[in-house]
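The values are calculated or read from the model by the stated rules, or taken from the named source; none is laboratory data. In this text the structure is predicted, and so the values were computed from the model without any measurement. Note that we place each Cβ from the backbone using ideal geometry, even for glycine, and neighbour counts take in every protein chain shown. Side chains included, ligands, DNA and RNA excluded: accessible areas come from the protein's heavy atoms. Shrake-Rupley method; radii C 1.70, N 1.55, O 1.52, S 1.80 Å.
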Amino acid sequence: MVFNSFNFVGFIIPILIVYWIFFKKSKVSQNILLLVSSLVFYAWADWRFLILLLISILLNYYLGKKISNTTNETIQRHFLYIGLIFNIGLLLYFKYFNFFYEGFVEILNVFGASASYNTLSILLPLGISFFSFQTLGYLIDIYNEETEPSNNLLEFSVFVSYFPKILSGPIERASKMMPQIQEKRNFTYPVFVDGLRQILWGLFAKIVIAENCAAIANPIFNDYGNQSGSVLLLGTFFYAIQLYADFSGYSNMAIGISKLFGIQLMRNFSTPFFSTNISDFWRKWHISLTTWMMDYVFTPLSFSLRSYQKKGLIISIIATFVLVGFWHGANWTFVFYGLLHGIYFIPLVYSGKMNTSEIVAKGKLLPSFVELIKMILLFILIMLTDVFFRTHNVSEAFDYIFLIFSNNIFSIPTEIFSSNYLITTALLFLFIAVEWLHREKSHDFEISHYPFILRWICYIVLYLLILIFGKSAETFIYFQF
């Protein structure tokens, strides 16, 4: 049941009515409704893994209390290790077992063992990468005394299973989300309307921008060996936009839906393509994953390697981004994707500019020439690296990139004059313009400051564009992670 389906509309409207009319006076009843709705939503996606989700909730709730209530540091660590083994073990088995199994057999073959293997048919539970990381962070924060454990199983269950974010994030921190669950939510008209506004923009990004870009990119990637370099370059461009519009569209819808229930989720994208360096890009791209990796992987690793100075910092960054890539899936393409992004940080480390970040052209309508060039060059770099994200294996990715630069890259593809390309390009100009104009706002379609008439013109235009140019979409790219 995806957000952009009539099934979801039929699912959420009755819940909102009951939530705000009949349960508005009690946080307990609100939380019960959210929990039941979340479990139904997850079971609708794949009922077979509902028991796994419930086990994860119960075990992590119990371990969180044990870590906090135990004064003996050794026993605290033991409970933390149980949590780490359980949560990481879920990921290793369901997501990476076949990857490591195949690698082990191939190593044996290198040494002449002549081993063979058959991969296991392991189904990947939806959202496992997101709720496992969320519960991992919860236990680590309790151990580090950065947050208090939940003493209410109902509230903790909502924290883990909350349906707007369970399938593809954002990965929430307990210190931010739990206080909202622990209080009764009151209906606030501006927040509710802003949620609807954010849902509308996310829907536009997904079914208009992402799906129209996919209609161009997919045929190119599926037949890349017979395309000119210029067409392959177009394929990388439209795929990069597709990936961003798909996931940011989901995130905006998730955050907007959550606002309808009076709960604010963290922002997951902040116009990343308007960045001028790779460090700034990752502060704005998949923010919940980036901050999680920075807090729980990069920070302790860089602290342990601090005696190696810049070399230790580079090792920490590369190791962190290899993990970022590997988090996405059991494929060497994702490892290379993360490795390349880590390598891109090296010039920033040696120039001392890794921590510099600012909004491009803040307070201005247009960027400077230097800012524009930096944004374009960074986008090209990201765009080419996304080839590893899209292709099936590393060899295919390198073949694709090699063909870009060896096969008529400067030729003008006739495809760009087709109606499909022209319409998609026009829609992209609108999409990019809106994001640029709102790059300093809380989200990409934050237009509450617009006059009433202008706001409604924007709503109507977006609705008509969705109606005319929207394409059906059964899933989101990040559901596979």
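Numerical summary
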{"read-out": "Verdict on F388 being modelled with pLDDT of 95 or more, assigned to a helix (DSSP H, G or I) and either crowded, with 19+ Cβ neighbours inside 10 Å or touching a Pro at 6+ places or on another chain (Cβ under 8 Å) (or both)", "value": "yes"}
{"read-out": "Residues being under 28 Å from the mean Cα position of the chain (by Cα) and open to solvent by less than 30 Å² (accessible area, probe 1.4 Å) - total across the range 53-73", "value": "6"}
{"read-out": "Out of Y459, Y478, sole residue that is modelled with pLDDT under 90, open to solvent by less than 60 Å² (accessible area, probe 1.4 Å), among the aromatic types (F, W, Y) and in a helix (DSSP H, G or I)", "value": "Y478"}
{"read-out": "Pairs with Cβ under 8 Å, 6+ apart, first in the range 432-448 and in a loop (DSSP other than H, G, I, E, B), second loosely packed, with under 13 Cβ neighbours inside 10 Å", "value": "E440/K362; E440/G363; I447/L454; S448/P190"}
{"read-out": "Selected residue [in a loop (DSSP other than H, G, I, E, B) and touching a residue at least 12 places away in the same chain (Cβ under 8 Å)] from Q242, Q264", "value": "Q264"}
{"read-out": "Selected residue [open to solvent by 70 Å² or more (accessible area, probe 1.4 Å), aliphatic (A, V, I, L, M) and in contact (Cβ under 8 Å) with a residue 60 or more places away in the chain] from I412, I359", "value": "I412"}
{"read-out": "Looking only at the range 347-356, and only at residues there that are open to solvent by 50 Å² or more (accessible area, probe 1.4 Å) and touching a residue at least 24 places away in the same chain (Cβ under 8 Å), the one that is farthest from P272 (Cα to Cα)", "value": "Y350"}
{"read-out": "Residues located in the range 281-317, provided they are among the β-branched types (V, I, T) and surrounded by 16 or more Cβ atoms within 10 Å (Cβ to Cβ)", "value": "I287, T290, T291, V297, I314, I317"}
{"read-out": "Failed criterion for S258 (all others in (1) assigned by TED's automatic domain parsing to the domain that holds Y459; (2) assigned to a helix (DSSP H, G or I); (3) more than 22 Å from L437 (Cα to Cα); (4) open to solvent by 10 Å² or more (accessible area, probe 1.4 Å) hold)", "value": "(4)"}
{"read-out": "Sole residue being on the phi > 0 side of the Ramachandran plot and under 19 Å from the mean Cα position of the chain (by Cα), chosen from G137, G169, G202", "value": "G169"}
{"read-out": "Some residue of the range 153-166 being open to solvent by 60 Å² or more (accessible area, probe 1.4 Å) and either in the same structural domain as F22 (by TED's automatic domain parsing) or at positive phi (or both)", "value": "yes"}
{"read-out": "Any hit, the range 158-180, residues being more than 30 Å from L92 (Cα to Cα) and in a helix (DSSP H, G or I)", "value": "yes"}
